[in-house]
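Have a look at the structure below before the remarks.
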């Protein structure tokens with residue numbers, strides 16, 4: 001006879017332990033993709049996708065309540081907006097230093113040869129900001145879809161949010 005915990009959210013204990021053990025490696029891979037980005041194309045985007053996938057994995061394994069305690073919709077929204085504004089600010093700093101929009105002003109301030117820390121210019125900074133933007137935005141969309149449910153009441157289908165009340169309690173009453 002199998003014992004189950006009816007209060008447990010998410011998936012089985014095996015899935016939760018596996019997710020708990022690999023989340024750090026997946027997150028580290030996202031950091032690698034983002035930081036190594038000045039050498040491979042579109043790494044800020046792919047690093048952001050990997051960051052969002054870590055939170056999606058945790059949502060699927062442990063349930064939405066645990067992940068919303070770590071990174072909620074509002075926090076993801078604010079992080080998304082902040083990273084977009086940061087991108088515009090860094091891109092506009094080129095104009096401030098007497099160049100053009102999106103110009104590499106770091107090379108003018110700190111001239112360096114190839115394979116030095118500033119040889120990639122602003123590309124690593126842009127990759128980090130884009131990674132935050134994509135990761136927060138994708139997680140925000142995923143969690144919004146995760147907390148919505150369609151229920152049928154009196155023959156009408158309604159879209160509700162499960163954040164504010166438990167669907168099972170409403171259906172019983």
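Key figures for this structure:
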{"item": "Residue within the range 17-36 that is modelled with pLDDT under 90, under 29 Å from residue 122 (Cα atoms), surrounded by 12 or more Cβ atoms within 10 Å (Cβ to Cβ) and under 17 Å from the mean Cα position of the chain (by Cα) present", "result": "yes"}
{"item": "Condition broken by residue 61, with the remaining ones in (1) under 17 Å from the mean Cα position of the chain (by Cα); (2) free of Cβ contacts under 8 Å to residues at least 60 places away in the same chain; (3) closer than 18 Å to residue 129 by Cα satisfied", "result": "(3)"}
{"item": "Selection within the range 109-125 - at pLDDT below 75 and outside any loop (DSSP other than H, G, I, E, B)", "result": "109"}
{"item": "Residue list for the range 150-171, restricted to those being at pLDDT below 50 and out of contact with any strand residue (DSSP E or B) (no Cβ under 7 Å at 6 or more places or on another chain)", "result": "165, 166, 168, 169, 170, 171"}
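The values are calculated or read from the model by the stated rules, or taken from the named source; none is laboratory data. None of these values were measured; they are calculated from a predicted model. Quick reminder, even Gly has a Cβ in these numbers, built from the backbone with ideal geometry, and neighbours come from all protein chains shown.
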